[in-house]
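Contents: one structure, followed by commentary.
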Amino acid sequence: MSMTALAGPRASSLSSTVQQVREAVNTHNIAPCRGKKEGDKVTLSTRGGGTAQATCTLTAIRDPAQNSGVTPR
C-alpha cells in the first residue's frame, strides 16, 4: 500500500495542492524568464490581474521527479 493510501484522502488532497502551487509558480514566475539572460527585465501577471516588473535571475529549483531520499527540513 502506498503512503498516500495509508494517510487517507487528506494526503492526496495535499499532493494535488502542492502540484497546483508548483504549476502556478512555473507559469507566473519561471516561464517569463525562459530564453532570457540573468538581469533581463520581464513583466509578470499578478494575482489581482495587474502587472509587475521583475528581473530574471539564475536559480536552481529541485526537480520533484528526482527523489534523492533526502527529507527536506
**Prompt:** Are any residues in the range 21-45 of a type in the set (Lys, Arg) and farther than 21 Å from PRO64 by Cβ, and if so, which ones?
**Reply:** LYS36, LYS37, LYS41
**Prompt:** Could you say which residue among THR27, THR59, THR71, THR55 is at pLDDT 90 or above and either open to solvent by 60 Å² or more (accessible area, probe 1.4 Å) or polar (S, T, N, Q) (or both)?
**Reply:** THR55
**Asked** Do you know which residues across the range 30-52 are at pLDDT 85 or above and in a loop (DSSP other than H, G, I, E, B)?
**Response** ARG34, GLY35, LYS36, LYS37, GLU38, GLY39, ASP40, GLY48, GLY49, GLY50
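The values are calculated or read from the model by the stated rules, or taken from the named source; none is laboratory data. Remember, it's a predicted structure, so these values are computed and weren't measured experimentally. Heads up, the Cβs are rebuilt from the backbone with ideal geometry, glycines too, and the neighbour counts pull from every protein chain shown. Note: accessible area is taken over every heavy atom of the protein model, side chains too, but ligands, DNA and RNA are not part of it. Shrake-Rupley method; radii C 1.70, N 1.55, O 1.52, S 1.80 Å.
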